[in-house]
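Beneath this line is the structure, given in structure tokens, with notes to follow.
The values are calculated or read from the model by the stated rules, or taken from the named source; none is laboratory data. Just so you know, these numbers come straight off a predicted model, no measurement behind them. Every residue, glycine as well, gets a Cβ built from its backbone with ideal geometry; the counts of neighbours run over all protein chains shown. Just the protein is used for accessible areas: all its heavy atoms, side chains included, with ligands, DNA and RNA removed. Shrake-Rupley method; radii C 1.70, N 1.55, O 1.52, S 1.80 Å.
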Amino acid sequence: CWGANSEGQATPAAGIFTQICAGNTHSCGLQPDGKVLCWGSNSYGEATPPDGSFAEISCGEYNTCGLRKDNSSISCWGWNDSGQPAPTGVFVSLSGGRYHACALRSNSRATCWGTNAFGEANAPSGSFSQIQAGAFASCALSLEGRATCWGSNSFGVKNVPSFSLVQISLYASNACGLLGDGSVTCWSGAPVLALAP
């Protein structure tokens, strides 16, 4: 890790990791045996993972969530003022946002929980292959490759392109999509799309 290290988030723990995630002032790593190590700020318990074996992790601003290997349930830890405890059910992937998180169920349905000030936790109906939680919005990729976003559109996050994508990524006020030919399209602010370099 590199960059600011005021909270220790750029000083990774020693070990071998298969996945990492970065939050606001903490980071976490998933080890090959499914154990999670976190480092950085622990003001809200976001760097104190529970026991268990995880298949995937995702960091929010002040919390972290993990997809358990044994029963495909989701466990979250850290700040709880925004409803971070995960819903029950069987899940295949997850994504942590600022004050909310989203996950895909085994039936390809999207579920979001936590703060919903801008509708960012109001997941639409439909079948999806990927989901991403941002700061105040969420996006999901349909099985046909169409992006759907919900929540705040102050920066044009919901001005999604009409063509097919294979992957999406969402941050605070912009989103990007990977096309089948390997090019990248990002959208925010205005509905005019700009091809990323």
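Structure values in brief
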item: Rg followed by Dmax, in Å, when segment 13-127 is reduced to its Cα trace; result: 13.3, 42
item: Pair ALA117, THR48: separation of 7 Å Cα→Cβ label points (nm); result: 2.6
item: Rounded percent of accessible protein surface that carbon and sulfur make up, the chain, 1.4 Å probe; result: 52
item: Highest average packing first - 92-100, 132-140, Cβ atoms within 10 Å; result: 132-140, 92-100
item: Full-extension gain in nm, ALA22 to ASN159, via 0.36 nm per residue minus C-alpha separation; result: 46.7 nm
item: Förster-model FRET efficiency, 25 Å R0, CYS1 and ARG146, C-beta, rounded to 0.05; result: 0.15
item: Phi to ³J(HN,Hα) by Karplus 6.51 cos²θ - 1.76 cosθ + 1.60 over segment 126-134, Hz, x for Gly, Pro; result: x, 10, 10, 9, 8, 9, 9, 9, x
item: Amide H partners (placed H, <5 Å) of GLY156, local residues excluded; result: GLY189
item: Calculated P(r) of segment 1-51 - Cα pairs past 16 Å, %; result: 33
item: Å² of accessible area per residue within segment 54-142, as computed with a 1.4 Å probe and no ligands counted; result: 36
item: Residues whose placed amide H lies under 5 Å from that of CYS186, excluding near-sequence neighbours; result: GLY177, ALA194, ALA196
item: Gaussian network model of the chain, springs between alpha carbon atoms under 10 Å - residue of PHE118, PHE155, PHE163 with greatest fluctuation; result: PHE163
item: Surface/4 of the Cα convex hull for segment 105-145, nm²; result: 2.8
item: Förster-model FRET efficiency, 41 Å R0, LEU179 and SER72, C-beta, rounded to 0.05; result: 0.85
item: Percent of Cα-Cα distances greater than 31 Å, calculated over the chain; result: 16
